[in-house]
Amino acid sequence: MSAQSKEELLAEAVRLREQGCLEEAREHLLALATRFPEDAEVAYDTAAVHDRLGLESEAVPYYERCLSGTGLSDEVRRGALLGLGSTYRVLGRYTDAVDTLRLGVSQYPDDGALQTFLAMALFNTEDHHEAMQILLRLLATTSQDPHVQQYRRPIEQYSRDLSETM
């Protein structure tokens, strides 16, 4: 690596990733992760590029390293929790996915993406009832569809207990 700063090297790797040069970005990030093994942001970007390349198994240790680090911005922490949870799910590690995504939802309760991925992981663990609760609540509170909004109250009520009849 050249005498460039970590920030410059990371910015270059991110630029490559954003331009679609994923394998080149991966090479840069792997070198950075070796050089800065304790850097949570480098670990996050390294995990993300592996995910984008479909290398989920290789992404996991970088997500885990990122989340064990300190000084993460909320944006990076949120992304790492979602990325790791989603990656666990893709790998069939459903319990790990649920645990990670529950942690994410507990820390960022207004994040609809975390809630959605948690619902998918719950579906995979056959907790269909809770998965539907989450999705119905999310639909009722975030949809701009006028027809959904017309029935927002009953949808929210069913989200609490779908087996209930009105």
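The values are calculated or read from the model by the stated rules, or taken from the named source; none is laboratory data. Everything numeric in this text was worked out from a predicted model, so none of it was measured. Don't worry about glycine lacking a Cβ; one is built from the backbone with ideal geometry, like all the others, and counts go over all protein chains shown.
Take the residues in region 1-42 that are closer than 25 Å to ASP74 by Cβ and not in a helix (DSSP H, G or I), then tell me which one is farthest from the chain's Cα centre (by Cα).
SER5
Can you find a residue in region 128-144 that is of a type in the set (Val, Ile, Thr) and within 21 Å of PRO37 (Cα to Cα)?
Looking for residues that are of a type in the set (Val, Ile, Thr) and within 21 Å of PRO37 (Cα to Cα), one finds none in region 128-144, hence no.
Taking region 43-69 only, how many residues are in a helix (DSSP H, G or I) and surrounded by 17 or more Cβ atoms within 10 Å (Cβ to Cβ)?
Counting residues in region 43-69 that are in a helix (DSSP H, G or I) and surrounded by 17 or more Cβ atoms within 10 Å (Cβ to Cβ) gives 18.
Of the numbered conditions (1) farther than 24 Å from GLU164 by Cβ; (2) surrounded by fewer than 14 Cβ atoms within 10 Å (Cβ to Cβ); (3) hydroxyl-bearing (Ser, Thr, Tyr), THR142 satisfies every one except a single condition; which is it?
THR142 satisfies every listed condition except (1).
Which residue, of ALA59, ALA25, is among the small types (Gly, Ala, Ser), touching a helix residue (DSSP H, G or I) at 6+ places or on another chain (Cβ under 7 Å) and under 30 Å from PHE123 (Cβ atoms)?
Answer to the selection: ALA59.
Are any residues in region 56-78 closer than 16 Å to ALA25 by Cβ and in contact (Cβ under 8 Å) with a residue 24 or more places away in the chain, and if so, which ones? Even if it seems obvious, please write down each step before you answer.
Taking region 56-78 and keeping what is closer than 16 Å to ALA25 by Cβ, we get 58-59, 62.
Passing the criteria: ALA59, TYR62.
Only one residue in ARG89, ARG102, ARG78, ARG93 is more than 14 Å from the chain's Cα centre (by Cα), modelled with pLDDT of 95 or more and among the charged types (D, E, K, R), so which one is that? Explain how you work it out, then say what you get.
Values: ARG89 fails: more than 14 Å from the chain's Cα centre (by Cα); ARG102 fails: more than 14 Å from the chain's Cα centre (by Cα); ARG78 fails: more than 14 Å from the chain's Cα centre (by Cα).
Matching residue, one of ARG89, ARG102, ARG78, ARG93: ARG93.
For residues that are at pLDDT below 95 and either charged (D, E, K, R) or surrounded by 19 or more Cβ atoms within 10 Å (Cβ to Cβ) (or both), tally how many sit in region 114-129.
Within region 114-129, residues that are at pLDDT below 95 and either charged (D, E, K, R) or surrounded by 19 or more Cβ atoms within 10 Å (Cβ to Cβ) (or both) number 0.
Would you confirm, using the coordinates I've provided, whether LEU118 is farther than 19 Å from ASP96 by Cα, assigned by TED's automatic domain parsing to the domain that holds LEU101 and part of a helix (DSSP H, G or I)?
Taking the combined requirement at face value, the residue does not satisfy it.
I need every pair where a residue in region 17-35 that is in the same structural domain as LEU53 (by TED's automatic domain parsing) has its Cβ under 7 Å from the Cβ of a residue that is among the polar types (S, T, N, Q), sequence separation at least 6 or different chains.
What qualifies is LEU29/THR46; LEU30/THR46; ALA33/THR46.
With (1) farther than 26 Å from ASP111 by Cα; (2) touching a Ser or Thr at 6+ places or on another chain (Cβ under 9 Å); (3) exposed (fewer than 14 other Cβ atoms within 10 Å of the Cβ) as the list, and GLU7 as the residue in question, which single condition is left unmet?
(2)
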